[in-house]
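Student: Mind having a look at this structure? Questions to follow.
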Amino acid sequence: MKLNPESKINLSFMNYGNTELVYLTNIDDKAKFATLINQPHTPLGKVKEEFDNLKRMAEIDPHFVVKPLAHYINEERGHELYVSEYIDNAYCIAHNDEHGVYNPLPYYHFETFTKEISSEIHKVMIALLVNYYDKERGM
């Protein structure tokens, strides 16, 4: 998508994490992107590490990993961000002191898993990482 100077860009705050603030970016009511901007305490370069890691994982398995599209850094001002595809009503598994899921419905919020579900999710995540490792090595 090519932006023109007249494009209407709307940013809507979605959530905050330990590393970034998450915004929904809507361009001309036609395209939606997730924009993740570093928290003030996040060292420069940390967001790039996440961007690179997600990019690599999306190449291995685009079914489970949302593809990041672009990274930007302004060292003078201490800002760093990346933009990724946005999927309407997508759930996101995360760890906020405990495992859980960000549920977008009816509003964006975090739901903690029970210990039993957290244990199973942990096993599945490890299995996916092993699968990605094997795929990279042609196994």
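Student: When region 25-54 is examined, which residues are found to be free of Cβ contacts under 8 Å to residues at least 40 places away in the same chain, within 13 Å of the chain's Cα centre (by Cα) and either surrounded by 13 or more Cβ atoms within 10 Å (Cβ to Cβ) or within 29 Å of Glu6 (Cα to Cα) (or both)?
Tutor: Passing the criteria: Val47, Lys48, Glu50, Phe51, Asp52, Leu54.
Student: May I pose another question? Just one of the numbered conditions (1) modelled with pLDDT under 90; (2) on the phi > 0 side of the Ramachandran plot; (3) small (Gly, Ala, Ser) is not true of Gly45; which one?
Tutor: Of the numbered conditions (1) modelled with pLDDT under 90; (2) on the phi > 0 side of the Ramachandran plot; (3) small (Gly, Ala, Ser), the odd one out for Gly45 is (1).
Student: State all residues of region 89-120 that are closer than 24 Å to Ile60 by Cβ and within 18 Å of the chain's Cα centre (by Cα); if no residue qualifies, say none.
Tutor: Ala90, Tyr91, Cys92, Ile93, Ala94, His95, His99, Val101, Tyr102
Student: Also: Looking at region 113-134, I want the residues that are farther than 15 Å from Asn96 by Cα and have a partner that is loosely packed, with under 11 Cβ neighbours inside 10 Å and among the small types (Gly, Ala, Ser) with Cβ atoms under 7 Å, at least 6 apart or on another chain. Which pairs are those?
Tutor: Close Cβ pairs satisfying both conditions: none exist.
Student: Sticking with this structure for a sec: Collect the residues in region 71-105 that are touching a helix residue (DSSP H, G or I) at 6+ places or on another chain (Cβ under 7 Å) and without any contact (Cβ under 8 Å) to a residue 24 or more places away in the chain, keeping them in residue-number order.
Tutor: Correct list: Glu98, His99.
Student: Also: Just to be sure I understand the filter: pairs with C-beta atoms under 6 Å, separated by 6 or more residues or on different chains, first member in region 55-69 and free of Cβ contacts under 8 Å to residues at least 24 places away in the same chain, second member assigned to a loop (DSSP other than H, G, I, E, B). Which pairs pass?
Tutor: Ala58/Val65; Ala58/Lys67
Student: A follow-up question, please. Quick one: would you say Val101 is β-branched (Val, Ile, Thr) and either within 30 Å of Glu120 (Cβ to Cβ) or loosely packed, with under 12 Cβ neighbours inside 10 Å (or both)?
Tutor: Spelling it out, Val101 is indeed β-branched (Val, Ile, Thr) and either within 30 Å of Glu120 (Cβ to Cβ) or loosely packed, with under 12 Cβ neighbours inside 10 Å (or both).
The values are calculated or read from the model by the stated rules, or taken from the named source; none is laboratory data. A quick note: this is a predicted structure, and the numbers were derived from the prediction, not measured. Neighbour counts are summed over all protein chains in view; Cβ atoms, including those assigned to glycine, are modelled from backbone coordinates with ideal geometry.
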